[in-house]
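Any read-out appearing in this document is the output of simple, stated calculations on the displayed coordinates, not a laboratory observation. None of the values given here were measured: they were computed from a predicted structure. When we count neighbours, we look across all protein chains shown, and the Cβ atoms used for this are built from the backbone with ideal geometry, even at glycine.
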Amino acid sequence: MQAIAFHPHQPELLISAGRDRLIKLWDWPKQKEVGSIAAHTQGVNAIAFSPTGQQFASGSADKTVKLWSIEGELIATFARIAWP
């Protein structure tokens with residue numbers, strides 16, 4: 001696991017990301033995975049919820065940042081993000 005983020009309004013929900021290229025949604029009190037997305041072609045290094053909790057973003061070693069709905073639908077991909 002590389003990163004986690006708690007839902008801003010539903011503290012029992014969290015998302016995790018890791019080298020397995022997956023984003024997972026968890027029911028924290030039950031410690032149970034409730035969904036996953038094959039999100040990137042390389043490991044996922046960062047993840048964060050929007051302030052409303054309706055969307056989240058993921059950043060990967062594949063040099064993309066992706067924006068997702070809370071239902072797991074891909075909204076946008078920002079490709080070839082490179083840092084100086």
(request) Among the residues of segment 47-84, write down those that are surrounded by 14 or more Cβ atoms within 10 Å (Cβ to Cβ), over 12 Å from the mean Cα position of the chain (by Cα) and basic (Lys, Arg). (result) 63
(request) For segment 36-84, enumerate the residues that are in contact with a strand residue (DSSP E or B) (Cβ under 6 Å, 6 or more places away or on another chain) and either at positive phi or among the acidic types (Asp, Glu) (or both). (result) 72
(message) Being among the hydrophobic types (A, V, I, L, M, F, W, C) and out of contact with any Leu (no Cβ under 6 Å at 6 or more places or on another chain) is the filter here; which residues of segment 8-33 pass it?
(response) 13, 14, 17, 22, 23, 25
(message) Name the single residue that is nearest to residue 75 (Cα to Cα) among those in segment 26-38 being free of Cβ contacts under 8 Å to residues at least 24 places away in the same chain and either in contact with a Ser or Thr (Cβ under 8 Å, 6 or more places away or on another chain) or of a type in the set (A, V, I, L, M) (or both).
(response) 38
(request) Please identify the pairs in which a residue from segment 63-80 that is over 15 Å from residue 22 (Cβ atoms) has its Cβ atom under 6 Å from the Cβ atom of a residue that is among the aromatic types (Phe, Trp, Tyr), counting only partners at least 6 apart or on another chain. (result) 65/78
(request) Could you run through segment 1-17 and say how many residues are under 23 Å from residue 79 (Cβ atoms) and not in a strand (DSSP E or B)? (result) 1
(message) Can you tell me how many residues within segment 1-46 are surrounded by 15 or more Cβ atoms within 10 Å (Cβ to Cβ), in contact with a Gly (Cβ under 7 Å, 6 or more places away or on another chain) and more than 24 Å from residue 80 (Cα to Cα)?
(response) 2
